[in-house]
Structure formats: structure tokens, C-alpha cells
1. So how do 90, 49, 13 line up by other beta-carbon neighbours within 10 Å, fewest first?
2. Would you kindly state how much longer the chain becomes between residue 18 and residue 5 on full extension, computed as 0.36 nm times their sequence separation minus their alpha carbon distance, in nm to one decimal?
3. Quote the FRET efficiency, to the nearest 0.05, computed for residue 38 versus residue 73 with a Förster distance R0 of 25 Å and r equal to the Cβ-Cβ distance.
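Just so it is clear, none of the values below were taken in a lab; they were calculated from the coordinates. Computed from a predicted structure; not experimentally measured. No Cβ is skipped: glycine too gets one built from the backbone with ideal geometry, and neighbour counts run over all protein chains shown.
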């Protein structure tokens, strides 16, 4: 086992979450073409880290988009195996610490020999 294998094994020992990757593909239904979700990877070991809050209203506090829902922008970093391909625009469902959140990929992954890190934006609303 080489140095990178040991480093990769050490990085993966820190993954205590699981994720599912969903891509959207065009599906023709009658005369209509629409985007349908398709699970492409499931039960992938991962770790969610580094939460950042970005308010989208004045002074970074968010705003009420329809009087009922507060828009809040949570950007986090997802760490996982570098062999997993995540296409831009994919949805990623992460379960970690007993909590499930849905994210969308918001940047190209940074790939290394031992891991990859992907900036993801939470889809939930507060």
C-alpha cells in the first residue's frame, strides 16, 4: 500500500455521513419533454463541513420572498471519494448526524488523489 493509499484511507476514516447523488435528465412524456430526477450514486461515504451563511437581503440577514418563507443561503463543503463523479447541477442528499439535507452543487469539485471537496448549497428554506 502506497503513501497516497494510506492518506486516502485516513481521509475516508473521517467520513461519517452518507450521500445520494441525483442527476436530472430529459424525458419525453407524450409531446412534452421535461427534466426528471435519476439516482446515479447511492450510499456514498462522505463528510459535510464548513457551513457558511449568506443572507440574500439587506445587511446579509436574508429576506422574505413571499411573506411566508425566509430565503437563507447555506453553503457547505462536502468531502468524499475522488472516484465519485458529481456533475454540475446535480442534487446531493446527505444524511449526517441523524439529519438529512438536500443540496445542489454550486462549484466544480476540487479533486485530489486522496479525496475531493465540493461546495454545495442547501436547497431547504428556513
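1. Lowest to highest Cβ neighbour count: 13, 49, 90.
2. 2.6 nm
3. Details: r = 26 Å, r/R0 = 1.06.
That gives a FRET efficiency of 0.40.
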